[in-house]
Structures are given as C-alpha cells and as structure tokens.
Amino acid sequence: MLNKKGFTLIELIIVIGLFSIALVLFFGTWQNIMGYWNKLSAQIELQQNLRIGLEAIDNDLRQAKYVEALEENCLVIRDLRNNLIKYELGSDPYSEEHPYSIEGGTLYRTENSQAKQPIANFIQELTITDKRQDGNITYLNIKIGGSLPDGKSLFIETGVELKWSSY
C-alpha cells in the first residue's frame, strides 16, 4: 500500500489555474471600481470648487447697494460699505483695478490692492447676467462652470435680487 499524503501534480495545476482565473476577474473588477471612483472624485472636487467660487461672488453681490456698470465682461457694484467691487474677467489679469479674476483656471480675489487670494480652482467660465425693471438692474444671475478631466462641462448657477431694488 502506498502512502497517500500530499497533492498530485494535476490537483496542484487545477488549483493554480482556478486561482489565476479568480485573480484576473478580481483585478478587472477592481480596475473598474477605481476608475469610477477617480471619475466621481474629480466631479465632487469640481462641484465643491464651483460652489466655493459661487458663494464668494454671491456674498459680495448680496451686499450690493447698487450696480455701477454692467458690460459684456465687466460688472461693477457698490456695496453697503460704499466699496466698489469690480468683476472684470476679460481684461488684463495683472491690472490692480479688479478684485475678481480667473487666471489659469483659478478664481482669485484681490482686496485693497493686496496679494491675490485663490478662492476656487478648475473654474473656466463665469457669467453674470441681469434683469432690469424701470431701467434699473434688480436681479443678477450668476453662472459658474468648469470642466472635468474627461472633457465634460459642469455648471451651477444662482440668482441674487439686489437689496436696493426694494427701496
């Protein structure tokens, strides 16, 4: 009678083959999960940056006493403390006259001619449109957008009714 301890070579090859198949299936699933996770993380990060930028601009506009000027690439408002806030996105980014600017996908704010402070990243578009009543601007719509790494664009927007319009 022979000693029956251990594995035969065929049993060992079958186990290694099954283990290899399971490992390949697991690795493929893992890659899909990680790809989805990275895409979702990029979208969440862009949404957070868009919200931060939108809230910063929204807060300034809510404090507006009145609108000084609204042109294609420029909005000038005067806040309740009588400070001028100028959104000038189409002009020279090195000019010291505007506190908000978009440079290289980053929204910056300059206050009292100090250094520029980054507010939000991945910003590619900022649009401010108005609604008028009796020739006065009473409502501003703010739309801010950016692009995901896969090329899809994402936009969020809000509206601000200017306080002075109710006086």
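The values are calculated or read from the model by the stated rules, or taken from the named source; none is laboratory data. Just so it is clear, the structure is predicted and the values come from calculations on it, not from any experiment. Cβ atoms come from the backbone with ideal geometry, glycine included; neighbour counts cover every protein chain shown.
Here are some notes:
- Strands (runs of 3 or more DSSP E) (entirely within the stretch 51-167) containing at least 2 residues that are at pLDDT 80 or above and surrounded by 13 or more Cβ atoms within 10 Å (Cβ to Cβ): 100-103, 106-109, 117-120, 125-133, 136-147, 153-161
- Of the residues making up the stretch 41-69, those that are free of Cβ contacts under 8 Å to residues at least 12 places away in the same chain and under 13 Å from the mean Cα position of the chain (by Cα) number 4.
- Of all residues in the stretch 3-40, none satisfies the criterion of being closer than 30 Å to Lys143 by Cα and either over 40 Å from the mean Cα position of the chain (by Cα) or not in a helix (DSSP H, G or I) (or both).
- Number of the exception - Lys39 against (1) touching a strand residue (DSSP E or B) at 6+ places or on another chain (Cβ under 7 Å); (2) modelled with pLDDT of 80 or more; (3) among the basic types (Lys, Arg): (1)
Yes or no, residue by residue, for (1) hydrophobic (A, V, I, L, M, F, W, C); (2) over 30 Å from Gly105 (Cβ atoms); (3) loosely packed, with under 14 Cβ neighbours inside 10 Å:
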residue: Ile13; (1), (2), (3): yes, yes, yes
residue: Leu23; (1), (2), (3): yes, yes, yes
residue: Leu40; (1), (2), (3): yes, no, yes
residue: Leu46; (1), (2), (3): yes, no, no
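- Residue match in the stretch 3-11 (condition: surrounded by 10 or more Cβ atoms within 10 Å (Cβ to Cβ), at negative phi and out of contact with any helix residue (DSSP H, G or I) (no Cβ under 9 Å at 6 or more places or on another chain)): yes
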